[in-house]
Structures are given as C-alpha cells and as structure tokens.
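Working notes, beginning with the structure itself.
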Amino acid sequence: MKFDGITPEARLLLSENRFRDSKDFYDENKEKIKQSATIPMRQIAAIVSEKLAPIDPLMVTDPVKMVSRIRRDTRFTKDQHLYRENMWVMFMRSKYDWPQYPCMWFEFTPQSYSLGVGLFMQTPAVLEYWRRAIRENTDEFRKAVKSVEKTGAVIEGEQYKKPKDGCPKGLEKYYNCKSVYFIINSLKLEDLEDETIINKLLDCYLSFAPMYKFMLGVSDRFTSETGFVPYRRRK
C-alpha cells in the first residue's frame with residue numbers, strides 16, 4: 001500500500017475546521033479532509049500494523065478502527081469544540097476488551113507529532129503490578145528500557161512525592177511513576193509528507209517491542225490474578 005503523505009495544506013485545513021467549528025464548513029470540506037488526512041492516517045495504520053502483528057497477534061489491524069475521528073465526542077468534556085485538529089492512530093488490542101493493556105501510538109497536530117508506548121488505562125492497582133514486575137524481572141526491564149530509550153524516547157508522567165518501597169537501584173524514575181509511557185516529540189513536520197514517517201515509526205516501534213512485551217506481562221498478570229473483566233465482556 002502506498003502512503004500519500006500528510007501535507008501542510010491538510011494540517012492547515014484541519015486547523016481551520018476546528019477554528020470555524022461549523023458543521024456547514026465541515027460538510028463542505030468533508031471529502032477533502034478525508035482524502036488529505038484520514039486516508040493517509042489509515043494508510044499508516046495498515047502499513048505499520050502489518051509489521052507489528054507478530055509482536056501481539058491480538059492487536060487490532062483494521063485501519064478504520066485504529067484511526068481517530070475528526071468529529072469529537074463532547075458529551076463528557078468541558079471543551080465543546082465539535083472538531084479536532086489533531087489525529088492519531090493506536091496500535092493495540094481492543095480498548096473495550098483489553099483496557100488495561102499496552103499500546104503504541106502516533107499522533108500529529110498542526111505544530112508537531114509524537115509517538116510512543118505505554119499502558120493504555122492506568123490505575124493504581126495496575127501500577128502496583130508494574131512495580132512488582134520491575135522488582136521481579138529487573139534485568140528484562142533494564143534491557144527493555146535501553147531498547148526504547150535508544151530511539152530518543154523519554155519516560156513522562158507525574159511522579160509520587162514519596163518514593164515507593166523496593167525500587168531496584170537506578171530505576172527510580174520508572175518505578176515511582178503515577179502513569180507510565182515513553183514518548184518521542186518532534187517538530188519536523190516535513191517527515192509527515194512522505195515515507196520518512198513510515199520508516200521512523202517502524203524503526204522506533206521495533207525498538208519499543210521489548211517494552212511493549214514487558215507491559216503485556218504486567219497486564220496479563222494483573223488480569224489473571226485479579227480476575228478483572230472489562231464491562232463489555234461481563235455477563
């Protein structure tokens with residue numbers, strides 16, 4: 001599958017669509033937005049997910065389900081803008097059936113783009129299992145950190161003010177996180193205009209794979225030992 005690229009004009013159109021916040025304007029430009037932004041993002045989803053499938057066979061690979069929509073859901077937010085100017089694609093299992101599991105993502109805005117790997121829905125209970133995994137599989141975790149950070153990704157997220165007990169030496173910033181994700185931010189928007197972004201995503205995601213698999217182990221153990229069942233799968 002070819003990649004059409006995400007042009008400056010496409011990003012400008014998304015930004016204008018959000019600024020106008022008008023159904024009439026959106027309807028008038030809907031097809032242009034689809035062709036210039038939505039379809040290229042689905043192309044990214046299709047090309048990259050084909051290479052990532054061996055990492056997690058349960059990963060969703062339907063581009064339509066992987067890419068964000070332009071129309072926002074405003075039911076549960078104070079921000080009542082109808083449309084977004086950013087778009088993203090998620091490489092993960094179904095968030096409805098596997099909400100506590102890891103994801104890799106790519107997102108662009110009019111100003112920048114980012115990609116990363118992290119746990120999707122993070123609760124204090126899940127993060128207890130994260131810390132437990134670091135204690136019990138320290139060498140595996142160090143290798144995963146080395147692999148993900150060689151891409152330039154850094155861990156972000158608020159830290160607990162009081163350090164948690166039992167942290168292996170040198171791993172404090174990973175162990176004491178209230179949320180867990182590694183991220184790369186870039187201002188090189190020209191990367192989006194051709195296959196440069198495809199190659200960057202593939203290179204980074206393959207380096208993220210050890211961390212993704214480490215997080216899979218955390219999620220599997222949490223699910224197994226707590227008996228957690230997502231609402232959609234409850235009878």
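Here, each number is a calculation from the coordinates, and none is a lab measurement. All values derive from a computational prediction rather than experimental measurement. Please note: Cβ atoms are built from the backbone with ideal geometry, for glycine as well, and neighbour counts cover all protein chains shown.
Details
- Using alpha-carbon coordinates, inclination of helix 138-149 to the longest axis of the chain, degrees: 20 degrees
- Most positive-pole-ward Cα, CYS177, ALA209, ILE70, against dipole of the chain from beta carbon charges: CYS177
- Overall Cα dimensions of the chain, principal axis frame, Å, largest first: 57, 40, 35
- Inverse of mean 1/r across different Cα pairs in the stretch 1-130, Kirkwood, Å: 16.0 Å
- Per-pair calculated FRET efficiency, R0 = 35 Å: LYS161 and ASP194 via Cβ, rounded to 0.05: 0.20
- Pair LYS150, MET1: separation of 7 Å Cα→Cβ label points (nm): 2.9 nm
- For the chain, calculated [θ]222 nm from helices alone, where every DSSP H run of n ≥ 4 adds -39500 (n - 2.57): -13500 deg cm²/dmol
- Rounded to 10°, Cα long-axis angle of helix 196-226 versus longest principal axis of the chain: 50 degrees
- Available extension along the chain between THR123 and LEU202 is 25.5 nm, counting 0.36 nm per residue and deducting the alpha carbon span.
- For the stretch 158-218, the fraction of alpha-carbon pairs in successive 5 Å shells from zero, as %: 4, 13, 17, 18, 16, 13, 10, 6, 3, 0
- For the listed peptides 123-129, 14-20, 99-105, 75-81, a ranking on the average number of other beta carbons within 10 Å per residue, highest first, reads 99-105, 14-20, 123-129, 75-81.
- Solvent-free Debye scattering, log10 I(q)/I(0), computed from the Cα coordinates of the stretch 70-189 at q = 0.14 Å⁻¹: -0.73
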